[in-house]
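The values are calculated or read from the model by the stated rules, or taken from the named source; none is laboratory data. Remember, it's a predicted structure, so these values are computed and weren't measured experimentally. As a convention, Cβ positions derive from the backbone with ideal geometry for all residues, glycine included, and neighbour counts pool all protein chains shown.
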Amino acid sequence: MTSFIKETQSSIKEAVTFINAIDVNKFSRLISRIIQKLHLKGERTFSEEEEDKLQAALSLDKQALNLVLETAAFILEQAVYHNVKPTSLQQQLEAVHLNPDKAEVISQTWATAGPEVVEKLKHSTFAPKKLEYVGWQLNLQMAQSSQARLKSPSAVLQLGLRNEDSEVQENVFVDFNHQELLDFYNKLEIVQGQLDTLT
Amino acid sequence: MSSSHTKDASFLGGRIPAEIESMSKNLKDVDQELFRKILKAVVSALEGKDSREAMKSIAESSIIPQERLSHIVAGMYKVLSEAIRIPTSSLKQEAFREDLRELRIPEDFITDFSSVVFGNRRAALDAATSQNDPHLPTVEDFKWRVDVAISTSSLARALQPSVLMQMKLSDGSFHRFEVPVSKFQELRYNVALILKEMNDLEKRNILKIQD
């Protein structure tokens, strides 16, 4: 496949120089941390304090550190996007003159942690709310203000919905009598039929 | 051999409501035409419609003083609202008529009452009155969509199916949400489970709880 990391990309050359100078064990821990947080777009991988400590630990000034972090993240994001094979990734990295030991660290980490990141991203969506919880209760209604001696079964379905970026779950309670539930089930069966045609 | 006929308690229960007692006393001056007019207005009120205009015109065109009229209307309303609470499977027409005879209501009026309680408008009446009862929202409209995400900004090849559901509930609320395929299976399984339990319940309880 065509390489997605090219030396002609402006900052790659400079970043490679910095990365090559980093101790390989420290680099390994850095990459592991970055890949863990990769699926959380918009969140900082390292806090400000952590970045200060990293500057000292890796003997890099602020700008250099930023370049290294951004480049490492870029490499991993591209790997996810194209779902690249670890060997191919390693080759591409060596082609831009990353030291073999560093290239190996990245492709090893990718091999172990990569598939999980791809799965997580496959399931993250744009929909405002997602169904997370299904609960229910079956009741036998005996009477109400307008009717005595009922004995009618009714089911209450609890749907727990959560927004993509919030911790709070919104509960929606819906009532069904026997016929209504049957109608609902028939519709679900049609949906299932559609899902079956996809596999 | 004597068979003592023990009559079940009236459909009104042990104690006759005051409105109905006073109605019985006041019905003697009411002719059938007036009775039917009032009945029509009372049924309309039970259905949840505004019958104030009808009531007003009845009051104005009748020689019966308003106070007595109000007793009659209240009593008739009570008779009907109590009668329609009981399912037709439990309250039989003959028992109903007998109960009203015991209240010394004229036979013609009993027939008119009966035609409301046991006639073909009864189902509509039941539907109208149960609307005011407390209940959780039901599904008014349910739409769905099956999507496959081909690619996203994070993944060139995602190929992930998902279900999008849209529910409009009877309380006016609107919910649109995505259902991951695994959750969809869970939902479908649970709904099937509830249906099975409902079936079991309906088979069982018909035998147990006597009316």
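Out of the residues in the stretch B:112-142 that are farther than 30 Å from A:F173 by Cβ and free of Cβ contacts under 8 Å to residues at least 12 places away in the same chain, state the one that is surrounded by the fewest Cβ atoms within 10 Å (Cβ to Cβ). Checking each candidate, the answer is B:N120. Apart from one condition, A:N139 fits all of (1) over 19 Å from B:L201 (Cβ atoms); (2) outside the structural domain of A:F27 (by the TED database); (3) surrounded by fewer than 16 Cβ atoms within 10 Å (Cβ to Cβ); the exception is (1). For the criterion of being assigned to a helix (DSSP H, G or I), surrounded by 18 or more Cβ atoms within 10 Å (Cβ to Cβ) and out of contact with any Ser or Thr (no Cβ under 8 Å at 6 or more places or on another chain), A:A79 passes.
Determine whether B:R145 is in a helix (DSSP H, G or I), more than 8 Å from chain A (Cβ to nearest Cβ) and exposed (fewer than 15 other Cβ atoms within 10 Å of the Cβ). Spelling it out, it is not the case that B:R145 is in a helix (DSSP H, G or I), more than 8 Å from chain A (Cβ to nearest Cβ) and exposed (fewer than 15 other Cβ atoms within 10 Å of the Cβ). Any chance the stretch A:26-47 includes a residue that's touching a residue at least 12 places away in the same chain (Cβ under 8 Å), farther than 30 Å from B:T152 by Cα and part of a helix (DSSP H, G or I)? Yes, there is a match, as at least one residue in the stretch A:26-47 is touching a residue at least 12 places away in the same chain (Cβ under 8 Å), farther than 30 Å from B:T152 by Cα and part of a helix (DSSP H, G or I). Being in contact (Cβ under 8 Å) with a residue 24 or more places away in the chain and aliphatic (A, V, I, L, M) holds for only one residue in A:L195, A:L159, A:L182, A:L188, and it is A:L159.
Where strands (runs of 3 or more DSSP E) fall entirely within the stretch A:84-194, those with at least 1 residues that are among the charged types (D, E, K, R) and either touching a helix residue (DSSP H, G or I) at 6+ places or on another chain (Cβ under 9 Å) or closer than 30 Å to A:S32 by Cβ (or both) are at A:129-141, A:152-163. The residues on offer are B:S182, B:S162, and the sole one that is assigned to a helix (DSSP H, G or I), within 21 Å of A:G160 (Cβ to Cβ) and at pLDDT below 95 is B:S182.
Selection of the stretch B:162-180 for residues being facing chain A (nearest Cβ under 7 Å), more than 23 Å from the chain's Cα centre (by Cα) and buried (at least 16 other Cβ atoms within 10 Å of the Cβ) yields B:S162, B:V163, B:H175, B:F177, B:E178, B:V179, B:P180. Do we find that A:L89 is under 24 Å from the mean Cα position of the chain (by Cα), closer than 30 Å to B:I150 by Cβ, modelled with pLDDT under 90 and outside the structural domain of A:S166 (by the TED database) in this structure? So A:L89 fails the test.
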